[in-house]
Amino acid sequence: MLFETSLIEIHSNYAWDFEKVMRAMEFAHKNGMTGLAFHRNDFVDQLLYPTKYIGGPKEKELYSNLTEAYDQVYRTMYKYDPTRRDNPYKKGLYFRRVLHEAKKRNLEIYIENKEINYLDCMDELYPFLRKNGAVCPSEPFLLEYVNFKYRELFATFPDIAGIITSTATGESKTSFASNRCNCELCQKKKASDWHKDVIMAMYEPIHAAGKKLIIRDFVFDSTAHKDISEAMDQLPKDIIFSLKNTPHDYYPTFPHNPRIGKMPGRQQWIEYDTMGQYYGQGIGVSIMAEDIRYRFRFAKENGVSGLLVRTDWEGIDGHAVFETPNLLNLFLVAQTNRDLNAPAEEAYDRWLCYRKFYADNISIPERRQAIQQVMNVYGNTFEILRRTAYVHDCVFTDSSEFPASIEHGMWLAEEKNSLKDWLPSKATALDVENVENLKSILREKDQALELIRQAVKSADDLGDGLNSEGKRFVRYTISCDQLYVEAYRYITYGIFLTRYFMLPKEKRKREDELWAKPLLENALNGLTEMSRKLNELFETTEYYYMVYVVLDGERVATVRENLCKHLAQTDYDEIGRV
């Protein structure tokens, strides 16, 4: 194996769905992966009360018996949080069964979360946690609380393999990375010291239980990145560091995360997304065979020992890689971890078997032919996607959904997910004043359209090696992908040509205006037709629900309205008049 640890990460509410958990567990077991990671920001807090702070006797340090713990706190819970009164008890029993099933399969279970978190009722029980309305991350009580929480966690669930956590985001109850408290304690506290203190409060009980602590470098800005890196330099060397394979988030057009291999003396893991949060969500299909090999080779060459594989996302419940063609990526990950140079055909074969898409009594030559035919459809989809949802490799997508306006699209590309922060050469990648650059952007979208048409044609040529359900699935998914490409092409044409006409008159040449105007007219008409087509899709088909989330006709129409509003403030209507 390339990586000694390889975990399937469940990030959505599927973490609480036993059937979906068992699906992931069976995949891990049958494909040589080592375990699962349950990634919910408050997962630990959903499993515990914890007793000492919400009604249990102060003199009793820990509970390992869920019923005894519940018996101590039910009055307090009913008074302050009645809807969750016995939820930790029930969820604790659920999780014990998960741990039991994993142990039978020799799989490890990790919890992945954000800290510091605590139950909502504690704000009322311990009002000093809030100062002038803001939670104070520097309140010393919180370090005591975090330490106790993890001691009780491992007393109650001793089979947990370890904790994967982030302290440097704004996604927990409180963090110095998103601090809104300006009390004296916070003013005196150095951010890196805060991270170190919280991590050490977790490390002591986790280390005592003989478990692993993994710290993620997931942050939202370079300042937080610096703070968590400073803290890591001061922490015990058996704490593992985990990094997304690309900087900031899962953007497949971005370079390698520059931190990979830069932590001597410390184990490192990488994180890879197979579902496609930023590359189509499986509706815009994107099979990542070459990228997986490229990223894994780099990680292995830089001493990475662990792999965390994202299969869904907290932002969309009821959706996972298992429901889309992007499940191929999970097979490719498992295969590449076994053999970096294994041919992609093997993963396609495993996927077709898993989905039961082969025709009955198929011969070996027919099977090989079927694999090649499916590869002809899906094999080039990443090259299509990068020319669709990205512009010159810059992120131009809202977690795979269309930008909602010019302002939104440019914010996504230039601020929130800026590529130029990591590749300075991309500083002018979105420039429209340079007409040659603008033409290059539009050509990119034309290339995507031509490539998707080729893929759709290949789907028409599927032979008898696939059964009727296999053919139906491949054809319907690639046809939805074509709609995605077509809509994105009109949106990108519309936004970038409108931006051109928003330039001051003196920065535009007449011949360029006369070239651009009919293209923009065609894009505006195309957006109208595209919105109608997607609304009709919604009304007349019965596809998987995420198709209608990603292919939203209302969003396309709203983009067109935004473009027209901006054009009304320019001399656009006057251009070309005699």
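Here are some notes:
- In summary, GLY210 fulfils each of the numbered conditions (1) within 23 Å of GLY92 (Cα to Cα); (2) in contact (Cβ under 8 Å) with a residue 60 or more places away in the chain with the single exception of condition (2).
- Members of region 338-375 that are open to solvent by 90 Å² or more (accessible area, probe 1.4 Å), polar (S, T, N, Q) and at negative phi: ASN341, GLN369
- Residue in region 319-337 that is surrounded by the most Cβ atoms within 10 Å (Cβ to Cβ), counting only those that are among the hydrophobic types (A, V, I, L, M, F, W, C) and without any contact (Cβ under 8 Å) to a residue 60 or more places away in the chain: LEU328
- Of the criteria (1) assigned to a loop (DSSP other than H, G, I, E, B); (2) aromatic (Phe, Trp, Tyr); (3) without any contact (Cβ under 8 Å) to a residue 40 or more places away in the chain, which one TYR89 fails: (1)
- Complete set of residues in region 466-490 that are open to solvent by 10 Å² or more (accessible area, probe 1.4 Å), more than 21 Å from GLU529 (Cα to Cα) and among the small types (Gly, Ala, Ser): SER468
- Considering residues of region 75-90 that are in contact with a Phe, Trp or Tyr (Cβ under 7 Å, 6 or more places away or on another chain) and among the charged types (D, E, K, R) only, the residue surrounded by the most Cβ atoms within 10 Å (Cβ to Cβ): ARG85
- Test: residue in region 303-312 that is surrounded by fewer than 24 Cβ atoms within 10 Å (Cβ to Cβ) and free of Cβ contacts under 8 Å to residues at least 60 places away in the same chain: yes
- So ARG105, is it within 26 Å of PHE27 (Cα to Cα), in contact with a helix residue (DSSP H, G or I) (Cβ under 6 Å, 6 or more places away or on another chain), open to solvent by 10 Å² or more (accessible area, probe 1.4 Å) and at pLDDT 95 or above: yes
- Just one of the listed residues (ASP446, ASP421) is open to solvent by 40 Å² or more (accessible area, probe 1.4 Å), out of contact with any Cys (no Cβ under 8 Å at 6 or more places or on another chain), not in a helix (DSSP H, G or I) and not aliphatic (A, V, I, L, M), namely ASP421.
- Strands (runs of 3 or more DSSP E) fully within region 185-300 that include at least 2 residues being closer than 30 Å to GLY318 by Cβ, among the charged types (D, E, K, R) and open to solvent by 10 Å² or more (accessible area, probe 1.4 Å): none found.
- So ALA24, is it of a type in the set (Gly, Ala, Ser), farther than 22 Å from TYR272 by Cα, open to solvent by less than 50 Å² (accessible area, probe 1.4 Å) and in contact with a Phe, Trp or Tyr (Cβ under 9 Å, 6 or more places away or on another chain): no
- Residues in region 520-559 that are outside any helix (DSSP H, G or I) and of a type in the set (Phe, Trp, Tyr) were compared, and the one that is farthest from the chain's Cα centre (by Cα) is TYR543.
- Only residues that are open to solvent by 10 Å² or more (accessible area, probe 1.4 Å) and part of a loop (DSSP other than H, G, I, E, B) were counted across region 381-415, and they come to 6.
- Close pairs from region 499-525: first of a type in the set (Ser, Thr, Tyr) and open to solvent by less than 30 Å² (accessible area, probe 1.4 Å), partner modelled with pLDDT of 95 or more and not in a loop (DSSP other than H, G, I, E, B), Cβ under 7 Å, at least 6 apart: TYR500/LEU438; TYR500/ALA516
The values are calculated or read from the model by the stated rules, or taken from the named source; none is laboratory data. Note that the structure is a prediction, hence the values are computed from the model and not measured. Every residue, glycine as well, gets a Cβ built from its backbone with ideal geometry; the counts of neighbours run over all protein chains shown. Ligands, DNA and RNA are stripped out before the accessible areas are found, and what is left, the full protein with its side chains, is counted by its heavy atoms. Shrake-Rupley method; radii C 1.70, N 1.55, O 1.52, S 1.80 Å.
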